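Below: the structure, in structure tokens.
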């Protein structure tokens, strides 16, 4: 399997641990990644402000990837959502495709057709690799570890074009946790938005959503909260440190990227999975892999 990796903005700037662990896991599973060079923002932040700006930005990235020829894989829920949506429009709406190609040709000597598939790493692991093949490659059974999954909003909604899992109660991430031998803990606030996108608009709502989930997980005594989205990861890790400092709430819940968990199960050394970049160290987990 071979994919073109679209990194997006947040991961190379703030979450090297996500990039490192994803590369190592994909290498272990025999998946080849080719970096998309000269990419720009996927346009996601602009979609509700200016459709034209969003579609031009997304389509520029799609056009770059079409020149390479591999399907696109990304680690970000927002990037996956934006690129999948844009690709659908390019493929199905002839008028908009012609408008976009006029712009791309004049400015960059590029064109786009919508011929590629765009996938999140979770799509690749669950659909393309499959649970059975992952299970066959597990070297360290994570039995005894209890993880709380946070899938995030944009990887499953709107289902009209994301079409990956149940948009109300997604379950595939639970299966990807359990194939490692660990337990995916069920909890009341499991499917709530993390609140990241409310920051700067309504901080009270953002902090309320953050606090509610973290306090529930503290009471459940989980070993870590596991995410697949860089925005959700930042909200729960940096937001947790913010709650500690500003509200003196005693919280110490490690937040992990799913490839870090899977990497441990596949027998990849701890030193190669970016745990030194995690602000809240999963000491209890890492003690098992010394």
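The values are calculated or read from the model by the stated rules, or taken from the named source; none is laboratory data. Predicted model, so just to flag it, every value in this text is computed and none were measured. All Cβ positions, glycine included, derive from the backbone under ideal geometry; neighbour counts span all protein chains shown.
Each residue in region 86-117 was checked for being surrounded by 15 or more Cβ atoms within 10 Å (Cβ to Cβ) and in contact with a strand residue (DSSP E or B) (Cβ under 9 Å, 6 or more places away or on another chain), and 3 pass.
Can we say residue 56 is over 21 Å from residue 229 (Cβ atoms), surrounded by 15 or more Cβ atoms within 10 Å (Cβ to Cβ) and modelled with pLDDT of 95 or more?
Numbers: over 21 Å from residue 229 (Cβ atoms): yes; surrounded by 15 or more Cβ atoms within 10 Å (Cβ to Cβ): yes; modelled with pLDDT of 95 or more: yes.
In short, yes.
Does any residue of region 182-195 turn out to be touching a residue at least 60 places away in the same chain (Cβ under 8 Å) and surrounded by 20 or more Cβ atoms within 10 Å (Cβ to Cβ)? Yes, region 182-195 contains a residue that is touching a residue at least 60 places away in the same chain (Cβ under 8 Å) and surrounded by 20 or more Cβ atoms within 10 Å (Cβ to Cβ). Considering only region 135-151, I want to know if a residue exists there that is touching a helix residue (DSSP H, G or I) at 6+ places or on another chain (Cβ under 7 Å), in the same structural domain as residue 240 (by TED's automatic domain parsing), crowded, with 21+ Cβ neighbours inside 10 Å and within 25 Å of residue 88 (Cα to Cα). Yes, some residue in region 135-151 is touching a helix residue (DSSP H, G or I) at 6+ places or on another chain (Cβ under 7 Å), in the same structural domain as residue 240 (by TED's automatic domain parsing), crowded, with 21+ Cβ neighbours inside 10 Å and within 25 Å of residue 88 (Cα to Cα). Scanning region 209-240 for residues being in contact with a helix residue (DSSP H, G or I) (Cβ under 7 Å, 6 or more places away or on another chain) and part of a loop (DSSP other than H, G, I, E, B) gives a total of 3. Scanning region 155-177 for residues that are in contact (Cβ under 8 Å) with a residue 60 or more places away in the chain, closer than 18 Å to residue 194 by Cβ and in a loop (DSSP other than H, G, I, E, B) yields a count of 2.
Can you spot a residue in region 89-99 that is touching a residue at least 40 places away in the same chain (Cβ under 8 Å), in the same structural domain as residue 76 (by TED's automatic domain parsing) and either part of a loop (DSSP other than H, G, I, E, B) or over 18 Å from residue 43 (Cβ atoms) (or both)? Looking through region 89-99, none of the residues is touching a residue at least 40 places away in the same chain (Cβ under 8 Å), in the same structural domain as residue 76 (by TED's automatic domain parsing) and either part of a loop (DSSP other than H, G, I, E, B) or over 18 Å from residue 43 (Cβ atoms) (or both). Residues of region 40-70 that are closer than 30 Å to residue 176 by Cα, in a loop (DSSP other than H, G, I, E, B) and over 18 Å from the mean Cα position of the chain (by Cα): 69, 70.
The residues of region 1-27 that are in contact (Cβ under 8 Å) with a residue 40 or more places away in the chain, surrounded by fewer than 17 Cβ atoms within 10 Å (Cβ to Cβ) and over 15 Å from residue 233 (Cβ atoms), listed by number, are 1, 2.
Checking each residue in region 63-86 for being touching a helix residue (DSSP H, G or I) at 6+ places or on another chain (Cβ under 6 Å) and without any contact (Cβ under 8 Å) to a residue 60 or more places away in the chain picks out 63, 82, 86. Residue 171 meets the conditions (1) surrounded by fewer than 17 Cβ atoms within 10 Å (Cβ to Cβ); (2) over 26 Å from residue 243 (Cβ atoms); (3) in contact with a helix residue (DSSP H, G or I) (Cβ under 9 Å, 6 or more places away or on another chain) in every case but one. The failed one is (3). Of the candidates 261, 205, the single residue that is touching a strand residue (DSSP E or B) at 6+ places or on another chain (Cβ under 8 Å) and either outside any helix (DSSP H, G or I) or within 24 Å of residue 169 (Cα to Cα) (or both) is 261.
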